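For reference, the structure discussed in these notes is given below.
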Amino acid sequence: MKPANIVGAMVLLVLLSACKPEVGPPISLINGPAILAVKGEPAEADPRPGNANFQYQALAVDSNGRVPAPTADISSPILWSICNQPKSPTQSNSVSTACLDQNALPGVAGDSLDTYSALAPSDSCGLFGPLPPPPVGDQPPIRPRDPDVTGGYYLPVRLSLSVPEGDSIVAFQLQRIYCGLANARGPEVAQYEKEYTLNQNPVIASLTLQQPGSDPVEVPPVSAGGAPFPVLAGQTVSLAASWPADSVESYPALDVLTQTLVTHNEAMRVSWYTTAGTFEHDVTGRSESETETFADNTWTPGAPGSVHMWVVLHDSRGGTDFAGYDFDVTH
């Protein structure tokens, strides 16, 4: 997610110009500060008992690597806030514009520079789900929210990252919350409660790189330590990000036409980011009908030097994982 954008599954509020925009660099190229993803743990919880505690970790980066960090130019902590303002029916954005008001909704620093933990409001399913509370005074009633195609509802969590001598980057994590099955018959509701399993985050198992004429080799993530992985400048290499089979979970969802429950498998989406070079695709993945547990791509490094790469894995129910990799591009 780049400045003035909102995370995707997780979509940012973008102000569109009346003029036709010029074609810029691909979204996969990191040439400045950006928030690429947020991982919530657990990926889904029921907020109605009032004890749904989520722990968040943000993937914030710039062209020099991961930020914020004590050794980076951007070292101020990310500020977080839970939005409790549902959007009105007339607003087409993913979140209410009231959630952008940093005076009315100031952010707070988390447990570290890029982490935060907080309880979800116990009325989240009323504010952002199918169970609206009764109207207060002369205020109009809150319209029940419609689920997404997977049956999910989402709590907006705002992040802001202060950039030296620039505007803050503002992004939203849309945290999946469990609110049950609405607008269905009693038997389907009972079956749903029995069969539905709360989503868990997928896991990036490995990233492999294959140079022409060679076998695939696993690239160690930055978290494992060690030296940057060597690659040749200008030589296109094949990449494959993989996940365990159990990262693809099954779940029931209501078919609104037949009013029956249909079992689906999660689709998987991989977003690719790098500080140099070009990918064949910015996003790859697998549909729910595909059984392969990897997504491949190609990358052509640019000029010699150090390169940072990040891989972000999303499942179709809002789960996320991410990993970083360093490369040493040589002649």
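The values are calculated or read from the model by the stated rules, or taken from the named source; none is laboratory data. In this text, all values refer to a predicted model and were calculated from it rather than measured experimentally. In this analysis, Cβ positions are derived from the backbone assuming ideal geometry, glycine residues included, and neighbour counts consider all displayed protein chains.
With the structure loaded, tell me whether residue 105 is aliphatic (A, V, I, L, M), surrounded by 13 or more Cβ atoms within 10 Å (Cβ to Cβ), in the same structural domain as residue 151 (by TED's automatic domain parsing) and at pLDDT below 95 or whether it fails that test. In short, yes. The residue list 245, 182, 233 contains one member that is touching a residue at least 12 places away in the same chain (Cβ under 8 Å) and in contact with a strand residue (DSSP E or B) (Cβ under 6 Å, 6 or more places away or on another chain), which is 233.
So is residue 147 outside any strand (DSSP E or B) and under 19 Å from residue 86 (Cβ atoms) or not? Answer is yes for this residue. Contact map, the stretch 139-154: first residue on the phi > 0 side of the Ramachandran plot, second residue among the aliphatic types (A, V, I, L, M) and modelled with pLDDT of 80 or more, Cβ cut-off under 6 Å, separation 6 or more or different chains; pairs are 151/253.
More than 17 Å from residue 264 (Cα to Cα), modelled with pLDDT under 95 and in contact with a Leu (Cβ under 9 Å, 6 or more places away or on another chain) - does that describe any residue in the stretch 184-204? Yes: the stretch 184-204 contains one or more residues that are more than 17 Å from residue 264 (Cα to Cα), modelled with pLDDT under 95 and in contact with a Leu (Cβ under 9 Å, 6 or more places away or on another chain). Cβ-Cβ contacts under 9 Å between residues 6 or more apart (or on different chains), taken from a first residue in the stretch 204-229 that is surrounded by 10 or more Cβ atoms within 10 Å (Cβ to Cβ) to a second residue that is basic (Lys, Arg), are listed as 222/66. Only one entry in 204, 177, 169, 142 is β-branched (Val, Ile, Thr) and under 30 Å from residue 234 (Cβ atoms), namely 204.
Against the condition in a loop (DSSP other than H, G, I, E, B), modelled with pLDDT of 90 or more and among the β-branched types (Val, Ile, Thr), how does residue 71 come out, does it pass?
Judged against the criteria, residue 71 is a match.
When you look at residue 277, is it closer than 21 Å to residue 247 by Cβ, crowded, with 21+ Cβ neighbours inside 10 Å and touching a residue at least 12 places away in the same chain (Cβ under 8 Å), yes or no? For residue 277, the condition - closer than 21 Å to residue 247 by Cβ, crowded, with 21+ Cβ neighbours inside 10 Å and touching a residue at least 12 places away in the same chain (Cβ under 8 Å) - is not met. Does residue 314 qualify as being closer than 25 Å to residue 152 by Cβ and not in a loop (DSSP other than H, G, I, E, B)? Yes; evaluated as a whole, the condition is true for this residue.
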